[in-house]
Amino acid sequence: MIAVRLCFCLLLFSFSACSSLERLAKAGAAKPSPFLAHGAEMKKTQAKHDPFLRVWRNPSKEAWAKAETKKTLFIAPVNLEHLRPMTKPLSRVEVREKSRQKEAKKLATYIHDQFSQAFRSSANPRYQLVDAPQKDSVTLEIAVVEFNPNSIAAGVTRRAINILAVPGAESLVGRPLKGNIAIEGRVYDPEQKQSLYEFADAEHNRSALILSVHDYNPYSAARKIVREWAGQFEQITRTPAGGRVKDSSPFTLLLW
């Protein structure tokens, strides 16, 4: 039995090392909302190249040449107008919609704060933040389109699967038991009145090979995901087109 567990753990590490298979262990992409002007044109990405599941980049060289002169970034208040109802059965059982809406508003503020902090703490940020759009600004707009709080009962069930089977087994069968969050974003040039870059991503509770405290809290996993998104987006803004910013792993050995 011990040998089987060790083999399975090795398989999971190999699984996470392969970018195409790695994406299979992560949350699936959410259906594009009307928030994005080019949602239908977005392309799938590879985990080793891009942290976001779907992206669209303005094909106009002229638009990008003009945008290159912009030195500041305005981060707009996070949009919740396209937030969809909960879809995870256990999330609906454990969390009242009124409570979720209250937490979603807190999360929207947290998203804005974390994306701002990512630029303030960067050693070499592409943009300086401004409190209002200026002539040399582009605007980052973000919408939360899906938000299923983590179910505590589901977290206990996932832990039981790992104990009764092998560590990490729930990563292959536990997707319905994981809370998730999905966002859409776009970088908009007000002067040119057009989007430069649009992205969409979705994440659910990361599979813990040992134990994760986020499986026993409704909202902490979402906040951790937001912090990762903020850092990834900041890195993308200072990475040349075609450069690589790797996606996060679907697995974790950390407790938090």
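The values are calculated or read from the model by the stated rules, or taken from the named source; none is laboratory data. Because the structure is predicted, anything quoted here is derived from the model rather than measured. For neighbour counting, all protein chains shown are included, and Cβ atoms are generated from backbone atoms with ideal geometry for every residue, glycine included. For the accessible areas, the whole protein counts, side chains as well, though only heavy atoms, and no ligand, DNA or RNA atoms are used. Shrake-Rupley method; radii C 1.70, N 1.55, O 1.52, S 1.80 Å.
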### Message
Could you put LYS61, LYS31 in order of accessible surface area, largest first, with the 1.4 Å probe and the full protein assembly present?
### Response
LYS61, LYS31
#### Entry: Cα gyration tensor category, rounded, prolate or oblate, for the range 25-106 with a/c compared to 1.5
prolate
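Of the beta bridges DSSP finds with both residues in the range 30-166, what % are antiparallel, to the nearest 5?
Numbers: 2 of 9 bridges.
Percentage antiparallel, nearest 5: 20.
What trypsin sites (Lys or Arg not before Pro) does the range 87-128 have in DSSP loop regions with at most 13 other beta carbons within 10 Å? Could the numbers behind the result be given before it?
Numbers: sites: ARG92, ARG96, LYS98, ARG100, LYS102, LYS105, LYS106, ARG120, ARG126; in loops: ARG96, ARG126.
For trypsin sites (Lys or Arg not before Pro) across the range 87-128 that sit outside H, G, I, E and B with at most 13 neighbouring Cβ atoms in 10 Å, the list reads ARG96.
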### Task
Just reorder HIS204, HIS38 by solvent-accessible area, largest first, 1.4 Å probe, all chains present.
HIS38, HIS204
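What FRET efficiency would be calculated for the residue pair ASP131, GLU191, taking the C-beta separation as r and a Förster radius of 22 Å, to the nearest 0.05? Working shown, then result.
On the way: r = 18 Å, r/R0 = 0.83.
With a Förster radius of 22 Å, E is 0.75.
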### Cα gyration tensor, the range 80-155 - rounded (a/c under 1.5), prolate or oblate
prolate
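Sort the range 106-147 into rounded, prolate or oblate with this rule: let a ≥ b ≥ c be the square roots of the eigenvalues of the Cα gyration tensor; rounded if a/c is under 1.5, and if a/c is not under 1.5, prolate when a/b is larger than b/c, oblate otherwise.
On the way: a/c = 2.41, a/b = 1.46, b/c = 1.65.
Judged from the Cα gyration tensor, the range 106-147 comes out oblate (a/c at least 1.5, b/c at or above a/b).
Distance cut-off 26 Å, Cα to Cα: go down the list LYS105/LYS224; LYS178/LYS246; LYS88/LYS224; LYS135/LYS246; LYS44/LYS102 and report the pairs above it. Show your work: numbers first, answer last.
Details: LYS105/LYS224 16 Å; LYS178/LYS246 23 Å; LYS88/LYS224 20 Å; LYS135/LYS246 32 Å; LYS44/LYS102 32 Å.
Result: LYS135/LYS246; LYS44/LYS102 exceed 26 Å.
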